[in-house]
1. What is the ratio of the Cα radius of gyration of the chain to 2.2 N^0.38 Å, with N the residue count, to two decimals?
2. Can you give me the distance in nm between label points at residue 138 and residue 64, each placed 7 Å from the Cα along the Cα-to-Cβ direction?
3. At 0.36 nm per residue, and after removing the present C-alpha to C-alpha distance, how many nm does the segment from residue 22 to residue 127 gain when stretched out fully?
4. With label points built 7 Å along Cα→Cβ from the Cα atoms of residue 13 and residue 81, find their separation and express it in nm.
5. Using only the alpha-carbon atoms, how far is helix 3-17 inclined from the longest principal axis of the chain? Give it as 0 to 90 degrees, nearest 10.
6. Remind me, relative contact order of the chain in percent, using alpha carbon pairs under 8 angstrom and six or more residues apart?
7. Once each part is reduced to its C-alpha centroid, what is the distance from the stretch 104-142 to the stretch 53-93 in angstrom?
8. What's the whole-number percent of alpha carbon pairs in the stretch 77-142 lying beyond 18 angstrom?
């Protein structure tokens, strides 16, 4: 690993220690919770959609977990702001690992994608396309 990976590790630690968009959103359009039982991570994502009902106007998260899950949530909420619900749905694990900038081991990938899955499921629940109380990474394939 080169010097660039150290920069990304520092970025992950910075987002873990000083998360962006951490907290509760007043008057969210929807809120959804998810967990990664293998690691003990839990994330709650609040989203407010714009007047068009399609654009993410504001995103906040809160939760507990490992550095990867919390840093990923922090970085992802920065990216989600201004995206449409369809753009959020189109995100995949590669988009999240690209944000993190480091190789993620198979054991940690569920930590990294938790916030993405929670946001996507929250949209689907809000639009009546999914009926679950919580998102879990337990059944995700590695």
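Where a number appears in this text, it was derived from the coordinates with a stated rule and is not lab data. Because the structure is a prediction, the values reported are computed rather than measured. Cβ coordinates were reconstructed from backbone atoms using ideal geometry, including for glycine residues, and neighbour counts include every protein chain displayed.
1. Ratio of Rg to 2.2 N^0.38 Å for the chain: 0.99.
2. 1.9 nm
3. The span from residue 22 to residue 127 would gain 35.3 nm if fully extended.
4. For residue 13 paired with residue 81, the spin-label model returns 2.5 nm.
5. The angle comes out near 50 degrees.
6. Relative contact order of the chain: 28 percent.
7. Spelled out, the Cα-based centre of one part sits 12 Å from the other.
8. More than 18 Å apart: 38 percent of the Cα pairs in the stretch 77-142.
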